[in-house]
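Below is one structure; the comments refer to it alone.
The values are calculated or read from the model by the stated rules, or taken from the named source; none is laboratory data. Everything numeric here is computed off the predicted structure, so don't read it as measured data. Backbone-built Cβ (ideal geometry, glycine too); neighbour counts: all protein chains shown.
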């Protein structure tokens, strides 16, 4: 059976064996509802509280400022819709960027259809948002600024601390989606002037279906799901105890020796990037050379479509993507790459390689060895190659 090489860790990650082991008892013997007052419920509540404390501590936050959700998308929705609804008396203007994850962009477009004004900021050629542009976009009706920390397609890291300071000086609530950066980069909500922050477990070798939202004390949020008084009455529904336990274990594992692991992952990423560009002509890096996630490299291959490369690599046992997994059903070029100024035909030729701790130099070298022939064959058939 052909070995599968997985280079799509920005879409999701394999669950770490220790995460799976930590979760298993809470599907079997420790099945209590965390809201129940009996012994089984108290065991579950203790685990949820411990997980909340671990995540809050990593963020530099208080335990009561972290609520559990079903993932990054729900966290983004609660943050953005909740702030806008709760602060409608102040204004109806939101500032975001054109390169945000669909969970943010789609939420903003929904609110736009329902009376809100949204400013979609452009980015530079590296996909980075300018704090100067954020400041210029502020009006007396601005209630929320939402800018992601690290981009899911290019890995480019935005100047969140500076943007957060601008929001703070203007008394505007600041939300950031840190789904790609949480656990991998240092994120301190006080140092970075963050009021709301979204995270997800399945990007850090935790389970799918669980995430969290940090909400600074004093920030008004209107809940949009109603039922019980779970999670400070902001997210009704029985807590996903096994998922939350797995989330905590994943956080513990990814933050152990993080600097050492990031250095190794960056070296592996650069090995892949340099190997491909040396072996193949007309290949361009999308995103910042240095200010990006340690495992992400997004490349455009001129004259051919990224989807064809992806499918050919898949036949050779290598999993990559052409961009965000949440937009994979569309034939349109990446909204992130076009916002960066890439021509549609160049953007269509992009591949995202996102590496993880489980990847090896041997896997990278195998990819480098087979990719030139794939590209050569596809370019020979391309009407764009003259």
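Quick notes on this structure:
- Single unsatisfied condition, residue 219 versus (1) crowded, with 24+ Cβ neighbours inside 10 Å; (2) over 23 Å from residue 14 (Cβ atoms): (1)
- Tally of residues being within 26 Å of residue 81 (Cα to Cα) and either free of Cβ contacts under 8 Å to residues at least 12 places away in the same chain or not assigned by TED's automatic domain parsing to the domain that holds residue 27 (or both) across segment 204-263: 5
- Lone unmet requirement of (1) at pLDDT 95 or above; (2) crowded, with 21+ Cβ neighbours inside 10 Å; (3) under 21 Å from residue 236 (Cα atoms) for residue 95: (3)
- The residues in segment 330-386 that are over 30 Å from residue 130 (Cα atoms) and in a loop (DSSP other than H, G, I, E, B) can be counted, and the count is 9.
- Flag for residue 26 being closer than 30 Å to residue 335 by Cβ, modelled with pLDDT of 95 or more, crowded, with 19+ Cβ neighbours inside 10 Å and not assigned by TED's automatic domain parsing to the domain that holds residue 312: no
- Top-ranked residue in segment 178-210 [being part of a strand (DSSP E or B) and touching a helix residue (DSSP H, G or I) at 6+ places or on another chain (Cβ under 6 Å); ranked as farthest from residue 241 (Cα to Cα)]: 196
- Matching residues in segment 81-119 - criterion: being part of a helix (DSSP H, G or I) and more than 16 Å from the chain's Cα centre (by Cα): 81, 82, 83, 84, 85, 86, 108, 109, 110, 111, 112, 113
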